[in-house]
Amino acid sequence: MLTSSGKILITMLLAMLATGAQAQFRQVITYQTVVGGNRVVSREAFTFDSVDEEPHFPGGDGAMMKFINRERRYPADAFEAGIQGRVLCSFVVQTDGTISNAEVLRGVDKSLNREALRIIERMPRWVAGKIGDTKVPVYCILPITFRL
């Protein structure tokens, strides 16, 4: 038989479980961006897997791969040196679909890193991510592969 304090504890646990099942955890990252006059401002973006609708390249992943393959220019110095690998980049898809704050998270070689960033910065507007019906900025990670 449960004591009254035991019943209260079980009731509280059940209430917390029921509430937790309805609430969704939204992970947010803070990043720095430069605005007019070289002023650095902190902004927030949701992580890719914490939004209801993830942002995506217009036409989907296949169209994105075609874009990357069409845009990629293997730097001559890296090609001649036999350097290859995967450059891991991050960027934010803004509410209007534009790409901002592209950076290299894990690079291979300076020239390949620059080329990966150039490709990302040339991307067309994406379809923005959403929470419910509201468009939100979303932090994304994308590998750009260079193979000989």
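Compute, for E103, the solvent-accessible surface of its heavy atoms (probe 1.4 Å) with the complete set of protein chains present, and express it in square angstrom to the nearest 10.
Taking all protein chains as shown, E103 has close to 100 Å².
Magnitude of the Cβ-charge dipole of segment 26-89, K/R +1 and D/E -1, about the Cα centre, nearest 20 debye?
240 debye
Would you work out the charge dipole size for segment 37-148 about its Cα centre, treating the Cβ of every Lys and Arg as +1 and the Cβ of every Asp and Glu as -1, and quote it to the nearest 20 debye?
In debye, rounded to 20, segment 37-148 gives about 400.
Sticking with the crude label model, points 7 Å out along Cα→Cβ, report the distance from E80 to R147 in nm, one decimal please.
2.5 nm
So if each residue of separation counts as 0.36 nm, and I subtract the Cα-Cα distance between R39 and D52, what length gain in nm does that give?
Fully extending the segment from R39 to D52 adds 1.5 nm.
Scan segment 41-133 for trypsin sites (Lys or Arg not before Pro) in coil per DSSP, keeping those whose Cβ has at most 16 other Cβ atoms within 10 Å, and list them by number.
Answer in residue order: R72, R73, R122, R125.
What does the extension gain come out to for T134 and L105, with contour length at 0.36 nm per residue minus their alpha carbon separation?
Fully extending the segment from T134 to L105 adds 7.6 nm.
Express in nm, to one decimal, how much length is gained between K66 and E121 on full extension, taking 0.36 nm for each residue of separation and deducting their alpha carbon distance.
Contour length minus the Cα-Cα distance gives 18.2 nm.
Return the ratio Rg/(2.2 N^0.38 Å) for segment 63-148, where Rg is computed over Cα atoms only.
Details: Rg = 14.1 Å, N = 86, 2.2 N^0.38 = 12.0 Å.
So the Cα radius of gyration is 1.18 times the expected 2.2 N^0.38 Å.
Can you give the FRET efficiency to the nearest 0.05 for R114 and F25, using r as the Cβ-Cβ distance and R₀ = 35 Å?
The formula returns an efficiency of 0.45 here.
Which Cα, out of W126, V136, G107, lies furthest along the positive dipole direction of segment 89-148 (beta carbon charges, K/R +1, D/E -1)?
Result: G107.
The values are calculated or read from the model by the stated rules, or taken from the named source; none is laboratory data. Note that the structure is predicted; figures quoted are calculated from it, not measured. Cβ sites come from the backbone with ideal geometry, for glycine too, and all protein chains shown count toward neighbours. Quick note on the areas: whole protein, heavy atoms, side chains included, nothing else; ligands and nucleic acids left out. Shrake-Rupley method; radii C 1.70, N 1.55, O 1.52, S 1.80 Å.
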